[in-house]
Each structure stands twice: as C-alpha cells, then as structure tokens.
Amino acid sequence: MTAEQAVALDIGTSGLRGQLVNLENGQVIRTCIMNRNPIPGANIMDHLSFALECGGDKTRRLLVSAVHDIIERLKPEHLSRIAVCGNPIQLSLLEGKEFRDLAYAGESKLKEENIGPVDRPGHIVSGDILGFDSGVEIIIPPAVRHEIGADALAMMIESGFLENDFCLVTDYGTNAEMALKVGDTVYTGSAAAGPALEGQQIGSGMLAGPGALSDLCRYPQGWRAKVLDSRMEVQDGPMINMRSGMIHKEGVVPKGITGTGVIALVHAGIMDGRMSPPKITGDSIDITRNIRFTNEDLAEAGKALGAIRAGHLTLMIEAGVSHKDIHTMYMAGASGTYVDPIKAMSVGMVPPSVINVVQVGNTSLQLAKDIAIKPDEIDSLNVLRKELLAKHIMFAKSSVFSDLYSYELAVWTEGMDTYRYSRKLAEYDQSGYLGTPLKPTIRKVSDLDIIDTGESLEMLDTKIEIRGTWNCSRCGICVRLCPEKALNMDNGRFIINTGMCLGTACMRCVENCPEGAFALWNTKNEFHISKRPNETVTAEPFPL
Amino acid sequence: MHMDIVMQQVLKMKNEDPVRFNKLVQEGMAAELGYLPEKNLREISAEKLKKENYSEDPEYTAVSDAVLAGKRKDVEKLVNKLIENGRDPLDVVTEALMPGIQVQCEMYDLGKAFVPEILMSNDAMQGGITICQSELGDIPSKGNIASFVAQGDLHDIGKNICAAILKANGYTVTDLGRDVSKEEVLKTVKDKGIQLVCGSTLMSTTKPGLMDTALLLELEKTGVSVACGGAAVSKAFVGTFNNAIYTKSPLETVHKADSIISGNKKWNELR
C-alpha cells in the first residue's frame, strides 16, 4: 500500500505550478509547470475582464480544466488533498466565488453594482467543487484583506520576512506585491508592473525556456550572453560589445529574451553608456538577425522598473523611514530568484542601502506544500491574518506614489535627468536613493525558484481550447492576424487556445473581422472547453 | 586652490552626491569632445521662449517665473499683491500666469521639460487663477472640456497630466476626478456647456465605462464626443463604438481638441 499523497498548487497570472507530495515523509515526488494561465489575457485585469464578459462560471471551468491537466500529469495514486495558493483573484475565480470586488477599484462602481466587501478566510472544502472525488480535501489559504491575498501572505511567511525588522519583500511578478516591515507594522502594496520583467510585452521577449537569453556577464571584450539550452542549463552565447555595437556570434544562438535578460540588458546598456533612457544609441541592440532590444522595449521595461521603485519608495515614505534604514530585501517569485541581485539593484529594483539580499524562490508554492502536509496550519493562518497589523497602501490612491511615478515616467520615457528626480526624493527625506548601491551579501535559498522538484520536472503547454462557430464566410483573416497563433480553424470551426490568447488586451480577431461576425466571447455561441489529445502539442493551422 | 584640496573636495562630492559627480564628469567629457552640453541649449531656448511669451512688465514676469518654477505659494503671494495694487485680474491671468505655463509647455514640446514640471507649473498657475477668479468670475478660454477617469478605476496620473496640459493650452477644464459614472458626465456636459469630454482608464475591466459614456452622450443628443486614452485603451478599441476618438498622448489630445472646438470638426472626421 503506497502512502497517501497530496498536491500543492500555485495558480499564478502567467502560469500554474503543481507538486505531488508524499504525506508520510513530506517529500516532493514530482513537479509539473504549466507555462500559461488558461484564462485569456496578458495580466490579471485582462483575466478579470474576461470573467466579467463571459461570466464567472466559464472562467472557473477554464481554471478547473487546467488544474485537472496538471494533476493528471502528476499521476497521483492516493490523492487525499489538494492545497491551492495564489492571488485572491485566481483563487476566487477557481472557487467560483465573488470576484467583482477585485475587478473595480472605485467605490462608485462597487456601489452601483451592489458589491459589498468580501471576506476571504482560509477554508477546507470538498473535492467535488473542482470535479474531484468528494473524499479529496481542497485547502484554500486565507487572504488577509481584499488587497492582501494568500500569495502575499505566503511571501511574508515563507521568506522569513515576518521574523525580521526593517526589511522589504517583493514578489517580482506581473503584479509586484511588496511589503515593508517596521516594528510590528507591515506596510503592503502592489505596483502593477506589467509583464515586461517576465519577458512579455517585449518585442523579442519570451518566457524562460530553451534558447532564452537570460543574463549577461562582464568580460573585457564586452558582455557575454548567457542562453538556456534544451535542458534549461545556462550556456555561453554571443559576445555583445555595447559601446561598439559589435556582436561576435559564438555558442548557443538566442531565440528570445527573458525577464532577467531584459534586466541584464538595461543594466549593461546604461553602464556602458549605450542606453540613456528613453533612447538606445542606434535605436536598438541587435543581438541576432531576429532578436533585438529596441527603444520601445526599453520604455516598457522602464515603466515596470519605475513602478517597482516608486512602490518601494512609497512604502518607506508612508512608513516614515529612510531607505538607509532598510537592510534586508527578500526577492520572491521566479524573476526574483533568477535575476542577478547586483544588476537588479543597479536598475532600481532593490533599494541601494540594502546589505542582505535573500532570494527565496516561489513562496506561493511553498505555502501550498506546507498546508498540504499540515492542513491544520490553516487555523494558525486564520489567526495570523487577524493579528497581522497590516497597513495596505493602495498605490492608485496614494498621492506620494502618483507624484513619484510621474518622475519615474519622466526619467524612463522622456529622458529627464535623474538629478531632478533625486532633488524631488530629497524633499521626501530619501536623498541618495539614486546613488551607487552598496554591495550586498547574497543568499540564495535554492538555485531553482521551486526549491525541491522531486524526481522529475515537467513543462506543460496549455491545451485548453474554446471551440465555436460563427455565421461567416471563413475568410481566415482573424486566424492570420492572431499575434499569438492562438486561433485556428478546423472543419469550419474556430478553435481558440485560451492560454495563448491575449484576450481583451488584443482583440485583433474581433476588430478586423470584415463581416463583423467574429465575437470572441459571445456567450450565445457554443462554448465548449476541450483538451487536445496529449500527443499533439500544436494543432495544424488552417490552410489559408 | 591647492590641487590636493581640490581633489579632496572632488572625492567628497563623489561620495556625497554621486549623481551630480557623474553628471559633471560626463559634461566634462562631452565638452572635451567638442560639443556643447545639452544644458546650454536648454538655457538658450528657455531665455528665447521667455522673451517671446513674457510681458514687459517686470511685476508680471516675476509671476511668470514663479509659475515656470512651479512655486504655488510664491505665485499666490505675488498675485494677491498685484490685485491689492489694483491690477486688472484678467490682465494678471493673460499677461502673468499664462505666459509662464506657455513657456513650460513649449519646453515640453521640445523635450526640455518633463511631466512632473508641467504638473507643478499647472498647480502653481491654478493657485493664481483661483485668486483671480474670485475677483472676476469667468475667465475667457479656448473652450470647455471635462475630464474624468472611468467608473471603477482610480488610476488618474494620466488624466491629471492631460488635464494640466489642456489647461496650459488655454482650455477651461472641469475635472470630474476618478471613478466617475456616465450619468455624472452627462450632467456636467449639460450644466456646464462642455464641448469635449476626455476620459481615460488604466484597468481593462473598466474600459467599457468609456464606451458607455460616449454612447450615452450620443443618445442624449448632446453633440459632445469623448476623447479616450489610457493604458488599457487602444485605437482599435475606440474604433468599435461611435462618438469617440482615440488620443495617444496629452499633446495629441490638445491637437484634436483644437480641431473639434476651434475647427468645428466632428468625431468621425478625426478617426
């Protein structure tokens, strides 16, 4: 008789991660990563837009279907529970609970739609709500308050942040949740940095995978590109000389740039004087014939970096401390684990006076694993959420943030010199923030963002599709224009790969339909979620 | 000065103010390579712009300078003094306050001033205008514009920049703030003789609010269109409904506002 097993799941905005855990010894058996979130859209607000337009039920079915995909691949034998961590939006969508309070920030809209405050305590439900056997327990950790979700709680607990003082923690994801601890009070915020630091919305951007340029290393001749090979190991790539613009083709040829690669490029470009935001000398850094980093990419990256820096500063200013008092930074999330902290500091992702950097990995999955092993922990989490003296600063409402962010925009996208920004910061008693950072000691909890992957790590593409038919001539313009190749046609039926689809952020298929017939989310159409057979990873595109 | 003392001071500056140190080093290098640092260009054009825009009255130019520097308290103090001395409030607006912001805007167009400075100058100018308004009532303007952030959204940095630049270009802007319902916009349009509405949103969940507002204004036959902008808004999205135009930047908003209000263009001629 094999031991009972549990699954720990982290539902992120840009992907899902699952682990099968042996409950007798707490060991991880295997890990599976889904590269995309199955809900159409490039960020969490797009996901919410989809849910508002299509209804919570259909959105829930997409997520549940993705959860089943992952769990199937983990091949559990005696599944007794599933613990799910993630931000409150994904968790509410998964459970089919109220999510509209998270979709709107403004009171007047909430009142008009009659949406009251929603409490999200940690709880255990029966497996049948996700289509599992009713004997399987589903454990959902609490959100502290509506803005501070289970993922933020995980980040604070699992990093060691709560035991420390005068420290910062940041999950460098699309949403950039951040917290500052001063005495017993925790100041939290979330700067919508966007997906640029994950390699998305960058012209040649890609998620971490084979062929991804992930870092640059300084050599006398220039910067050596570091490229991931087919086993996801770091190999030497071309040598890039920022000053002369010469590229020596060597080693592995990069196919795209990841988020950490973007940070490395910005750092190297500024250091060697090739970039002075918003301009790159020569308008782009051409790494190969197809891969380049352009002025627009620099602006996208700059807006994200600016949001994070303005967010950190806002927390410190609201807490009434100087950045010089902050000595420890916990960097969470995949980007926070793989990025070189020295480069991150030089581009403003980490305050300059920090002397200890701890790279803590994916804390959301760690918390899910902990409560999968010890479900009683949910009670102590519920106690903690009541006791936590958390002060949430809503950056959209904060005048300090909006003041600082207008300077960040001017520095990154209009070319204002940083001298004027540092004068502004001096008014907030944060002088020296833009100066040369200290050299911190760096501790990496694990080489991978998932600390223990068990015997195998599998990467999975989303295979969740919506099929539908429209009353149209099948001209195929929509299929041709889809930038993500998410839309295909099969025997006159449209197939949308929901994980690839950018949803409301794109809508090119709808806007360019010459007959005005294409209605991507028209719920009157057939809405049938299906999974492609496992053998075919991509369907044959419709012959045009 | 003895070379050692100079070096000591330079090192001290390097430690205390590395930003300024680097800037000076770079300027030194640029000067050696034979081209003038940008700073000189900026000074030249600021002076030139001032000469073109400023009044000849030194008391008025003092106000313009305070607006340009973004010092609200100074502006208020100076304007109060001018009014006490019996100056015409309308003159103060057109000859003292407006030239300051005009110079700032032209500098912005040239890429020599930046958004934070426009916001500060605008704030300073508003301080002065409020004082004049209490003396004068309405102040002549190029037109009436209302600005708002769609219902459900609170992100108003973009809208504030846009409103400031519209004001700086001579429009009267009724700022409805953020999280504004379409009915509220309609009421303002009817009550205040608004000629153009500018709406923005950052969140994709709230962008239908812009469409609803544009359609309501059309349905109610107000003849007023909505200029839409913001991170969640694209030209293609705005193209899906009537009575709206897309503006990518604050400057484009000003140009389109000019076409609509002074040029009597309709929304469908500007798409």
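The values are calculated or read from the model by the stated rules, or taken from the named source; none is laboratory data. Note that the coordinates shown come from a computational prediction; the quantities given were computed from them, not determined experimentally. Note: ideal-geometry Cβ built from the backbone for every residue, glycine included; neighbour counts use all protein chains shown. Heads up: the accessible areas ignore ligands, DNA and RNA and are worked out on the full protein's heavy atoms, side chains in. Shrake-Rupley method; radii C 1.70, N 1.55, O 1.52, S 1.80 Å.
Key figures
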| read-out | value |
| --- | --- |
| Expected 222 nm ellipticity per residue - DSSP helices of 4 or more, -39500 (n - 2.57), all of chain A, to 500 | -8500 deg cm²/dmol |
| Förster-model FRET efficiency, 45 Å R0, A:ASP417 and A:GLU163, C-beta, rounded to 0.05 | 0.65 |
| In sequence order, calculated HN-Hα J values of the stretch B:234-241 (Karplus, 6.51, -1.76, 1.60; Hz; x Gly/Pro) | 10, 4, 5, 4, 5, x, 7, 9 |
| Segment A:GLN221-A:ILE129, length gained on full extension (0.36 nm per residue, minus Cα span) | 27.2 nm |
| Size-normalised alpha-carbon gyration radius of the protein assembly as shown, reference 2.2 N^0.38 Å | 1.00 |
| Cβ-based charge dipole, chain A, positive-most Cα from A:MET178, A:LEU23, A:PRO375 | A:MET178 |
| Portion, in percent, of the accessible area of the protein assembly as shown that falls on carbon or sulfur, probe 1.4 Å | 50 percent |
| Cross-link pairs A:LYS424/B:LYS77; A:LYS279/B:LYS48; A:LYS109/B:LYS112; A:LYS303/B:LYS265; B:LYS50/B:LYS142 - those with Cα-Cα distance over 31 Å | A:LYS109/B:LYS112; A:LYS303/B:LYS265 |
| Longest site-free stretch - chain A; sites: trypsin sites (Lys or Arg not before Pro), DSSP loop, at most 16 other Cβ within 10 Å | A:98-230 |
| Separation between Cα centres of the stretch A:115-129 and the stretch B:110-142, rounded to whole Å | 50 Å |
| Structure-based [θ]222 nm, chain B - -39500 (n - 2.57) summed over DSSP H runs of at least 4, per residue, nearest 500 | -17500 deg cm²/dmol |
| Interface area, B with A, accessible, probe 1.4 Å, both sides summed, Å² nearest 100 | 2700 Å² |
| Distance between the stretch B:192-260 and the stretch A:324-378 - C-alpha centres, whole angstrom | 41 Å |
| Chain A - charge dipole about Cα centre, Lys and Arg +1 at Cβ, Asp and Glu -1, debye rounded to 20 | 1300 debye |
| Shielding by partners, peptide A:41-48 (average Cβ within 10 angstrom, other chains) | 3 |
| Loop-resident sites, the stretch A:483-517, for GluC sites (Glu not before Pro), counting at most 12 other Cβ within 10 Å (DSSP) | A:GLU515 |
| On Cα atoms only, tilt of B:18-32 relative to the major axis of chain B in degrees | 70 degrees |
| Cysteines having no other Cys beta carbon under 4.7 Å from their own, within chain A | A:CYS32, A:CYS54, A:CYS85, A:CYS167, A:CYS217, A:CYS472, A:CYS475, A:CYS482, A:CYS501, A:CYS506, A:CYS513 |
| With Cα atoms, 0 to 90° folded angle of helix B:3-16 axis to chain B main axis | 20 degrees |
| Distance between modelled label sites at B:THR240 and A:ASN471, nm, 7 Å Cα→Cβ extension | 2.0 nm |
| Degrees separating the helix B:208-219 axis from the principal Cα axis of chain B, which is the longest one | 50 degrees |
| Accessible area expressed per residue, the stretch A:16-63, with surrounding protein chains retained (probe 1.4 Å, Å²) | 28 Å² |
| Longest exposed-site-free window of chain B, the sites being GluC sites (Glu not before Pro) in a DSSP loop that have at most 15 other C-beta atoms within 10 Å | B:57-219 |
| The protein assembly as shown - share of DSSP beta bridges that are antiparallel (%, nearest 5) | 55 percent |
| C-alpha center-to-center spacing [the stretch A:394-462, the stretch A:242-278] in angstrom | 19 Å |
